[in-house]
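Have a look at the structure below before the remarks.
The values are calculated or read from the model by the stated rules, or taken from the named source; none is laboratory data. These figures come from a predicted structure and were not determined experimentally. FYI the Cβ positions are ideal-geometry reconstructions off the backbone, even for glycines, and counts take in every protein chain you see. These area figures cover heavy atoms from the full protein model, side chains too; ligands, DNA and RNA do not enter into them. Shrake-Rupley method; radii C 1.70, N 1.55, O 1.52, S 1.80 Å.
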Amino acid sequence: MTLAIQAEGLVKRFGATTALAGVDLAVPPGGILGLLGPNGAGKTTTVRILATLLRPDAGRVAVAGIDALADPVAARAAIGLTGQYASVDEGLTGAENLVLIGRLLELPGPAARRRAAELLDRFDLTEAGDRPVRTYSGGMRRRVDLAASLVGRPRVLFLDEPTTGLDPRSRGQVWDIVRSLADEGTSVLLTTQYLEEADRLADRITVIDRGRVVAEGRADELKRRTGVQTLHVRLTEPADAPRVARILAELTGAAPAADAEAGLLTAPVDDPVLLSALVRRLDEAAITADELALRLPSLDEVFLAITGTAAGAAPSGDDSTPSPERSAA
């Protein structure tokens, strides 16, 4: 099987700073890879190299089976790119932006207009198609920007933090579009600071930190690697909370956290068998619960455990020094 995206040993330096120190990535056809990392970890630098906007100092890149370093022009024909900020012309209408891109891609005029109409319909922008983009909401601008990256029907799509700054509804609309594109066979590499986004969309996740891959796998695999799960007990009768707290403390060796208003007790566990033991103890004590669950950690918790940094936080060190990603942007 020819991979949609394959990178091996990517190295990139900016002066004395090493932005990438041997990054490997692989995305199968129709797959979505979430590329995560703290600010300055090398995400945008990686995307720029894969999209042929920046040459690495070492390593190999293949996109849609094309050697992107030896033949970047051919590789670009297979690539769509949506960066962190909308790149459409705000003075033009949505339709005019899409037609312009079609013409730049050497589509005949009628074909460019048909393609623009198709994309406006798909992205629910038909009614706004004749309005200048400067009148669009943030979510509408992001959708037309994403539509612009699809005019040439790319086989591989790079999305660099595509929903930054969007409200939850607009973000959900973009998520639906990205998932539908993958279902139709488009391969996607997604960088994001929203870990819920990676959890919802990505088939696999690669975490990079300080220019190196530090973890990779499916979201559930990464969650299991932390070795910590949380036992949730929502009581039918809140008055039973003190007795249940004692039982949890005896089973887990740790005092549980309590939300008295919600009637919820939680405790970290490292052995899933404890759930069965808790069920027996509650039954023996004639205590009923509306909810008993053993939950994996959130992707946010996994990210913090792997990198030591919260998502969206700046890298450790002198924050006044521009990161290599910002220098490359």
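Taking 8 Å as the Cα distance limit and 6 or more residues as the minimum spacing, I'd like the relative contact order of the chain as a percentage.
Details: 636 pairs, mean separation 72.5, N = 329.
Here the relative contact order equals 22 percent.
Can you compute the modelled spin-label distance between residue 26 and residue 295, with each label point 7 Å from Cα toward Cβ, in nm?
3.4 nm
To test your reading of the geometry: what angle, between 0 and 90 degrees and rounded to tens, separates the Cα axis of helix 138-148 from the longest principal axis of the chain?
Roughly 50 degrees between the two axes.
Relative to the longest principal Cα axis of the chain, at what angle does helix 241-252 sit, 0 to 90 degrees, rounded to 10?
Helix 241-252 sits at roughly 80 degrees to that axis.
Please quote Rg/Rh for segment 58-215 to two decimal places, taking the Kirkwood radius as Rh and restricting both calculations to Cα atoms.
0.98
Tabulate in residue order the Karplus-calculated ³J(HN,Hα) for segment 194-199, using 6.51 cos²θ - 1.76 cosθ + 1.60 with θ = phi - 60°, rounded to whole Hz; enter x for Gly and Pro.
Here the 3J(HN,Hα) series is 8, 5, 4, 4, 5, 4 Hz.
Please give the helix 168-183 orientation as an angle from the longest Cα principal axis of the chain, in degrees from 0 to 90, rounded to the nearest 10.
That helix lies at roughly 70 degrees to the long axis.
Among 34, 211, 65, determine the one that fluctuates most according to a GNM of the chain built with springs between C-alpha atoms less than 10 Å apart.
Ranking 34, 211, 65 by mean-square fluctuation puts 65 first.
Taking amide hydrogens as modeled 1.01 Å from N in the peptide plane, which residues meet the under 5 Å criterion relative to residue 58, leaving out close sequence neighbours?
Those qualifying (amide H under 5 Å, at least 5 residues apart or on another chain) are 11.
With 21 Å as the cut-off, how large is the P(r) tail for segment 1-73, expressed as percent of Cα-Cα pairs?
On the way: 565 of 2628 pairs.
Summing the P(r) of segment 1-73 above 21 Å gives 21 percent of all pairs.
Roughly how many nanometres apart are two label points built 7 Å out from the Cα toward the Cβ at residue 218 and residue 134?
Rounded to a tenth, the inter-label distance reads 4.9 nm.
Once you've got the GNM for the chain with C-alpha springs shorter than 10 Å, pick whichever of 207, 302, 273 has the biggest mean-square fluctuation.
273
Roll a 1.4 Å probe over the protein chains and send me the accessible area per residue for the chain in Å².
48 Å²
Are there any trypsin sites (Lys or Arg not before Pro) in segment 210-315 that are in a DSSP loop and have at most 12 other Cβ atoms within 10 Å? List them by number.
218
What list of ³J(HN,Hα) values in whole Hz, one per residue of segment 209-225 in order, does the Karplus curve 6.51 cos²θ - 1.76 cosθ + 1.60 (θ = phi - 60°) give from phi, with Gly and Pro shown as x?
Calculated HN-Hα couplings, in order: 8, 6, x, 10, 6, 10, 6, 7, x, 5, 4, 5, 5, 5, 5, 5, 5 Hz.
Express in whole angstrom the spacing between the alpha-carbon centres of segment 221-252 and segment 7-27.
If we compute the Cα centre of each part, the gap is 42 Å.
If you average the C-alpha positions of segment 81-114 and of segment 138-205 separately, how far apart do those two centres end up, in angstrom?
Measuring centre to centre over Cα atoms gives 18 Å.
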